[in-house]
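The values are calculated or read from the model by the stated rules, or taken from the named source; none is laboratory data. Predicted model only: the values in this text are computed from it and were never measured. Counting neighbours? That spans all protein chains shown, and the Cβs are built from the backbone with ideal geometry, glycine included. To get the accessible areas, we keep the full protein, side chains included, count just its heavy atoms, and leave off ligands, DNA and RNA. Shrake-Rupley method; radii C 1.70, N 1.55, O 1.52, S 1.80 Å.
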Amino acid sequence: MLAHAIFFYIFSFIAIVSAIMVTVSKNTVHSVFFLILDFISISCLFIMIGAEFLGMIMLIVYVGAVAVLFLFVVMMLNVAQQKNQWFSARESSKHIPIGLIISVIIFFELIIVIGGWKYKPDLMPAVSLTMDKEISNTHALGNILYTDYIHIFQLSGMVLLVAMIGAIVLTFRQRSGVKRQSYFSQISRERSDAVEIINVESNKGVKFDD
Amino acid sequence: MINLNFISAEIFISVSIMFLLILGVFKKNSSSLIHNLSIGLLLITGILILNNYPDKSLTFFANSYIIDTLSSLMKIFTVIGGALVLSISKKYLKISNIFLIEYPILILCSILGMMVMISSNDLIVFYIGLELQSLALYVLASFNRDQLKSSESGLKYFVLSALSSGLLLYGCSLIYGFSESTNFNIIGNALKSTHYGLTFGIVFILVGLAFKISAVPFHMWAPDVYEGSPTSVTLFFATVPKVAALTVFIRFLYVPFINMIDQWQPIIIFLSIASMIFGAIAAIGQNNLKRLVAYSSIGHIGYTLAGLSVATNEGIQASIIYISIYMVMNLGLFSCLFMMKRNDQFFETIEDLSGLSKNHPILSLSFLVILFSLAGIPPLAGFFAKFYIFKSVIEQSMYFLAIVGLLSTVIAAFYYLKIIKVIYFDKEKEKYDTDHSTWLKVSLAISTLLILLYFIFPSKIVEIVSSVTII
């Protein structure tokens, strides 16, 4: 139990510190890396409370796809070095009060939600749900995803296929006049095709028929 | 183990999408082959649905997918409509330089989405089907990406449609919160109280659906999207998705919301009246035929909604007959549009039609028949469609709705007759090309004959549709 608590505090500490670092670090690329660290430590927390499927999905979707996409955008837009510093520059200080107000509102909303959840008497507590301890989350999800919801699962695949076809149709252009490298002809080229050794007689020169 | 026979059409169409995609990738210059193959595959899908036509309603996948007479009939309309749209738009696509392998595949994808929508008996299945069909439609709207108007219409459609999807989802979550289930039957049993949250949920869902069928006041995307998209895509927009969206409308109103009829009936009546009046008045000033079709489709959707508002089986059947006849009329109208071509350039304004009767008497005769039918002049099919609607409305003594509908028919007749006047009495212009594909000619002939000869066999269609009973 002690080890559990120690790990919980380590991961929580890393999560909070990296979340703060995302907003305050000057280099945008560093921000993205701190974001990835934040995601990883939160997924570790999920795994610790037994939600291993949620943790792994968090890793795959947020770290594997979203954060890498962020990284691509940051690198392509070339905004690695932020010119103005948060909290000090005059332009950005205008936004801080608005940001603070929104944070306070979200904070109070969370308090209301959690308070209602905690103190509403007729709400069903999570422990009262019958849960099979033997079977893992992933198994339980798979059991209904591939039986009762198989058609929805397959149709979601079709939706993704249509999205892919659409993206290709709307953006792919066959350019004419592009010179492509042909590895096969490059590799299969022999010395005899390209170079010819000629004995040049003096005072005659060489005549090429090209 | 569930009986997969009844969903074999959906499985078949999904497999054929992937097969066509792989064929298109590995075989060079296979656009024409894939186009023809997808028409054939759609027809086979239609045969599969017909083969497994159910005599009672069956549910699959933990009661979330339903096959009944309504869904099978509407699926057949969707599939046949899709096949016809593909077959008459081949030449247009070639000339507009958008004859790519992805075009028929995207149409197939959106038809798959519509089939799922039509058969859904669950909020999640419904939403997935809706997104599948609209995602394919966004891409189709901006398919001619080198043209500014096409890209603009795709973007407009995407942004507005995403907004309406958001409203729809909000409504779904409210309904789910109050009924504790996403299943339509369970929702129908749970929704008995008149809680404000439920009313809000119903309103949000109806707004989202009204947007998808472009009923007033959620119609503003339709004219721009119809005008900007390639004409073949406009034809698709104007026919097939309307059938699917109407079915979803019927399903929502009469399965989960059946006990809340006092809440939704005024909303549907308002949507219907507003669409009929707006569709009639706003089309008068239009010069572009595609925009005109958009406004006229808004008006026609008003009539189908009038049939839905009466809450009887007769009303629903009248709406289904209306939408199927409307589909035939639109196919004929767009076949005429595809024939207005000179030197590989298509014309789409009313002035281009002037004096058409001198050069192309047969084409103008078809135009005349289709436009008279759209205006609802007896004894053409359009008249019967409106007749069934008004009959069911008057049987429930909703006289105000019927009077407004009749008046707006009279107003709408003005702009249809104006086109006929331009065709027959204005100065003639240069001749159009006559080298049309056989499919185009056949489709125009069939749709014109269907409209013209409907009065000989009206009981046949009424008989087929009368098997659809929801309440």
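Take the conditions in a helix (DSSP H, G or I) and more than 14 Å from every other protein chain (Cβ to nearest Cβ) and apply them to B:LYS56. Does it pass? The answer is no for B:LYS56.
Evaluate the stretch B:110-124: report whether one residue or more is open to solvent by 20 Å² or more (accessible area, probe 1.4 Å) and more than 23 Å from A:PHE172 (Cβ to Cβ). Within the stretch B:110-124, one or more residues are open to solvent by 20 Å² or more (accessible area, probe 1.4 Å) and more than 23 Å from A:PHE172 (Cβ to Cβ). When you look at B:ILE49, is it closer than 20 Å to B:PHE236 by Cβ and of a type outside the set (Lys, Arg), yes or no? Yes, satisfied.
This table checks each residue for (1) under 17 Å from B:LEU84 (Cβ atoms); (2) polar (S, T, N, Q); (3) in contact (Cβ under 8 Å) with a residue 12 or more places away in the chain.
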| position | (1), (2), (3) |
| --- | --- |
| B:ASN288 | no, yes, yes |
| B:VAL293 | yes, no, yes |
| B:GLY299 | no, no, yes |
| B:TYR303 | no, no, yes |
| B:SER309 | no, yes, yes |
| B:THR312 | no, yes, yes |
| B:ILE316 | no, no, yes |
| B:ILE325 | yes, no, yes |
| B:ASN330 | yes, yes, yes |
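Set side by side, the residues B:SER71, B:SER110 differ, and just one is touching a helix residue (DSSP H, G or I) at 6+ places or on another chain (Cβ under 7 Å) and away from chain A (no Cβ under 14 Å), which is B:SER71.
Any residue at all in the stretch B:26-42 that is within 14 Å of chain A (Cβ to nearest Cβ), out of contact with any helix residue (DSSP H, G or I) (no Cβ under 6 Å at 6 or more places or on another chain) and outside any helix (DSSP H, G or I)?
Within the stretch B:26-42, one or more residues are within 14 Å of chain A (Cβ to nearest Cβ), out of contact with any helix residue (DSSP H, G or I) (no Cβ under 6 Å at 6 or more places or on another chain) and outside any helix (DSSP H, G or I).
Pairs are defined by a Cβ separation below 6 Å, a sequence spacing of at least 6 or placement on different chains, a first member in the stretch A:90-102 that is among the polar types (S, T, N, Q), and a second member that is modelled with pLDDT under 65; the pairs so defined are A:SER92/A:ASN84; A:SER92/A:TRP86. Contact map, the stretch B:267-281: first residue touching a residue at least 12 places away in the same chain (Cβ under 8 Å), second residue crowded, with 20+ Cβ neighbours inside 10 Å and polar (S, T, N, Q), Cβ cut-off under 7 Å, separation 6 or more or different chains; pairs are B:ILE268/B:SER309; B:ILE269/B:SER309; B:SER272/B:SER309; B:MET276/B:SER408; B:ILE277/B:SER408; B:GLY279/B:SER296; B:ALA280/B:SER408.
Checking each residue in the stretch B:367-393 for being open to solvent by less than 10 Å² (accessible area, probe 1.4 Å) and under 22 Å from B:SER447 (Cα atoms) picks out B:PHE367, B:ILE370, B:LEU371, B:SER373, B:LEU374, B:ALA375, B:ALA381, B:GLY382, B:ALA385, B:ILE389. Among the residues of this structure, B:SER151 counts as one that is within 14 Å of chain A (Cβ to nearest Cβ), open to solvent by 20 Å² or more (accessible area, probe 1.4 Å), modelled with pLDDT under 95 and under 30 Å from A:GLN174 (Cα atoms).
State yes or no: is B:ILE124 more than 10 Å from chain A (Cβ to nearest Cβ) and in contact (Cβ under 8 Å) with a residue 40 or more places away in the chain? No; evaluated as a whole, the condition is false for this residue.
Candidates are the residues of the stretch B:97-107 that are at the interface with chain A (Cβ under 10 Å from one of its Cβ atoms) and under 15 Å from B:VAL233 (Cβ atoms); the one that is surrounded by the fewest Cβ atoms within 10 Å (Cβ to Cβ) is B:LEU100. With respect to the stated conditions, B:VAL255 is surrounded by fewer than 24 Cβ atoms within 10 Å (Cβ to Cβ) and of a type in the set (Val, Ile, Thr).
None of B:ILE350, B:ILE325, B:ILE269, B:ILE320 is surrounded by fewer than 24 Cβ atoms within 10 Å (Cβ to Cβ) and over 20 Å from B:THR231 (Cα atoms) except B:ILE269. Please determine whether any residue of the stretch B:157-179 is open to solvent by less than 50 Å² (accessible area, probe 1.4 Å) and β-branched (Val, Ile, Thr). Checked against the condition, which is being open to solvent by less than 50 Å² (accessible area, probe 1.4 Å) and β-branched (Val, Ile, Thr), the stretch B:157-179 yields at least one hit.
Filtering the stretch B:322-331 for residues that are outside any loop (DSSP other than H, G, I, E, B) and over 27 Å from B:PHE390 (Cα atoms) leaves an empty set. Taken as a whole, the structure places B:PHE200 among residues that are open to solvent by 10 Å² or more (accessible area, probe 1.4 Å) and either in contact (Cβ under 8 Å) with a residue 12 or more places away in the chain or part of a helix (DSSP H, G or I) (or both). In summary, B:LEU4 fulfils each of the numbered conditions (1) open to solvent by 60 Å² or more (accessible area, probe 1.4 Å); (2) touching a residue at least 40 places away in the same chain (Cβ under 8 Å) with the single exception of condition (2).
Taken together, B:TYR92, B:TYR65 contain a single residue that is facing chain A (nearest Cβ under 10 Å), aromatic (Phe, Trp, Tyr) and either open to solvent by 10 Å² or more (accessible area, probe 1.4 Å) or in contact with a Ser or Thr (Cβ under 8 Å, 6 or more places away or on another chain) (or both), which is B:TYR65. Residues of the stretch A:147-187 that are part of a loop (DSSP other than H, G, I, E, B) and either touching a helix residue (DSSP H, G or I) at 6+ places or on another chain (Cβ under 7 Å) or within 11 Å of chain B (Cβ to nearest Cβ) (or both): A:THR147, A:ASP148, A:TYR149, A:PHE172, A:ARG173, A:GLN174. Taking the criterion of being without any contact (Cβ under 8 Å) to a residue 60 or more places away in the chain, more than 24 Å from the chain's Cα centre (by Cα) and open to solvent by less than 30 Å² (accessible area, probe 1.4 Å), the only residue of the stretch B:399-447 that qualifies is B:ILE420.
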